[in-house]
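A.B. asks: Just passing along the structure, written as structure tokens.
The values are calculated or read from the model by the stated rules, or taken from the named source; none is laboratory data. Since we're looking at a predicted model, the values are computed, not measured. Cβ atoms come from the backbone with ideal geometry, glycine included; neighbour counts cover every protein chain shown. Side chains are part of the model used for accessible areas, which takes the heavy atoms of the whole protein and leaves out ligands, DNA and RNA. Shrake-Rupley method; radii C 1.70, N 1.55, O 1.52, S 1.80 Å.
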Amino acid sequence: MDITVIVPLYNEAESLPELESWIRRVMDENGFTYEVLMIDDGSTDDSWEVIKQLSERNPNVKGVSFRRNYGKSPALNTGFVRAKGDVVITMDADLQDSPDEIPELYRMITDDGYDLVSGWKQKRYDPLSKTIPTKLFNATARKVSGIRNLHDFNCGLKAYRRNVVKHIEVYGDMHRYIPFLAKNAGFTKIGEKVVKHQARKYGKTKFGLDRFVNGYLDLMTLWFTNRFGIKPMHFFGLLGSLMFFFGFFAAAAVGFIKLYNMHAGNPYILVTDSPYFFFSLVLMILGTQLFLTGFLGELIVRNSPRRNDYEIEEDMTDFNKRH
């Protein structure tokens, strides 16, 4: 099969027939063999009934219905697990992503050799309250992820080599950082294509401004787990050690100053009357706690059944036969 199109959706009953017709026309014009996976994320309207009707008319349309609303990331991950196409394409169900982009996205994966191609809605039909935070968000994501050539990490229109979606796990709200997840899994051939952005035709957006706050928190989580996930002692141990020794030497300095003033006959105060002494104690306590956090993290990592799971692209040994 050439292409799997994954469409996560929530309360998009009005747009689904038009979207399916548009995708079918593009596929037929280009002679692609395909499937469309519509993942209903617990819709409360008639979306699931519409999907079943579309599937009866077009056997290439298949659906999965969640019992309740989980979010876009679980919907995408469910589609990735079930995808059978050589190229996997994701798009939103609100008709803001154009299926006419599919042939070129497919060509960039199959002919140009990209592992992942992300869409860039260079010209957007969104209010400034959405576009300005989006630009700041993308600038931060480029800096943290190191993927400098992407302008729109959160664009729903993306294309993947099938091997990519089978080696990444999208959870929580990590759909915003799929290129980062792919890079961490060893898929570094990541490209970008300018795509058309169309104004929403039906309904209203399902995302609020809280996604930008959550997005930054998720980005920090992903950065930390990628850099220190298998070696937490390198972060917590180093930070804890620095804090402990700084506090220790600060406490020693407070004591030394008192002894010096006593020896010189100068006025002095008790060590416990100095605020710097208690500040030093707090630093030593926090440093010890951070060090122990790193130590416990190392114990957890070393006992994880996946501690030696590595992304192996090719293996010319007979290891699997012997085991």
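A.B. asks: How far apart, in nm, are two points set 7 Å out from the Cα along the Cα-to-Cβ line at T225 and at S98?
C.D. replies: In this crude spin-label approximation the distance works out to 3.6 nm.
A.B. asks: Next question. What full-extension length gain, to one decimal in nm, is calculated for D28 and I269 as 0.36 nm per residue of separation minus the Cα-Cα distance?
C.D. replies: Extra length available between D28 and I269 comes to 78.0 nm.
A.B. asks: Computing the accessible area with a 1.4 Å probe over protein heavy atoms, can you report the carbon and sulfur percentage for the chain?
C.D. replies: On the chain, the fraction of accessible area on carbon and sulfur atoms equals 58 percent.
A.B. asks: Hey, got a sec? Which trypsin sites (Lys or Arg not before Pro) in the stretch 132-180 land in a DSSP loop and have at most 14 other Cβ atoms within 10 Å?
C.D. replies: Listed in order of number, the matching sites are R148, K166.
A.B. asks: For every other residue with a beta carbon closer than 15 angstrom to the beta carbon of P267, add +1 if it is Lys or Arg and -1 if Asp or Glu, then tell me the sum.
C.D. replies: Once all neighbours under 15 Å are counted, the net charge is 0.
A.B. asks: I'd like the distance between the alpha-carbon centres of the stretch 35-59 and the stretch 88-106, rounded to an integer number of Å.
C.D. replies: Cα centroid of the stretch 35-59 versus Cα centroid of the stretch 88-106: 17 Å apart.
A.B. asks: Only helical DSSP H runs with n ≥ 4 go in: add -39500 (n - 2.57) per run for the chain, normalise by residue count and round the 222 nm mean residue ellipticity to 500 deg cm²/dmol.
C.D. replies: When only DSSP H runs of four or more count, the value is -16000 deg cm²/dmol.
A.B. asks: Got a sec? Charge dipole of the chain, +1 on Cβ for Lys and Arg, -1 for Asp and Glu; which of N60, L105, I190 is way out at the positive end?
C.D. replies: Positive-end residue among those listed: I190.
A.B. asks: Moving on. At 1.4 Å probe size, with every protein chain present, just tell me what the per residue accessible area of the chain comes to in Å².
C.D. replies: 57 Å²
A.B. asks: Leaving out ligands, DNA and RNA but keeping every protein chain, what accessible area does T33 have, in Å² rounded to the nearest 10, with a 1.4 Å probe?
C.D. replies: Looks like 70 Å² after rounding.
A.B. asks: Additional query: Please sort 65-77, 95-107, 291-303 by packing, taking for each peptide the average over its residues of neighbouring beta carbons within 10 angstrom, highest first.
C.D. replies: 95-107, 65-77, 291-303
A.B. asks: Further, regarding this structure: Using R₀ = 56 Å, calculate the FRET efficiency as 1/(1 + (r/R₀)^6) where r is the Cβ-Cβ separation of N261 and A185; round to 0.05.
C.D. replies: My answer for the efficiency is 0.35.
A.B. asks: Normalising by the residue count of the chain, find the relative contact order in percent from Cα pairs under 8 Å and 6+ residues apart.
C.D. replies: 16 percent.
A.B. asks: Can you tell which of S47, S55, S280 shows the greatest fluctuation in a Gaussian network model of the chain with Cα springs below 10 Å?
C.D. replies: So, out of S47, S55, S280, the one fluctuating most is S280.
A.B. asks: Please list H197, H151 in order of solvent-accessible area, largest first, computed with a 1.4 Å probe with all protein chains present.
C.D. replies: H151, H197
A.B. asks: Positive end of the dipole of the chain, charges at C-beta (+1 Lys, Arg; -1 Asp, Glu), about the Cα centre: which of S21, A139, L242 has its Cα farthest in that direction?
C.D. replies: L242
A.B. asks: Here's a follow-up. By accessible area of protein heavy atoms, probe 1.4 Å, what ranking do D94, D28 get, highest first?
C.D. replies: Solvent-accessible surface, decreasing: D28, D94.
A.B. asks: Take the residue pairs K123/K158; K52/K123; K123/K183 and return only those whose Cα atoms are more than 28 Å apart.
C.D. replies: K52/K123
A.B. asks: With an 8 Å cut-off on Cα pairs and a minimum separation of 6 or more residues, tell me the relative contact order of the stretch 1-52 in percent.
C.D. replies: 58 percent
A.B. asks: Hey, if you put +1 on the Cβ of every Lys and Arg and -1 on every Asp and Glu Cβ in the stretch 57-119, which of L116, V87, P74 ends up farthest toward the positive end of that dipole?
C.D. replies: My answer, from the dipole projection, is P74.
A.B. asks: Then there is this: Under a Cβ-only charge scheme (Lys and Arg +1, Asp and Glu -1), can you give me the dipole magnitude of the chain about the Cα centre, in debye to the nearest 20?
C.D. replies: In debye, rounded to 20, the chain gives about 860.
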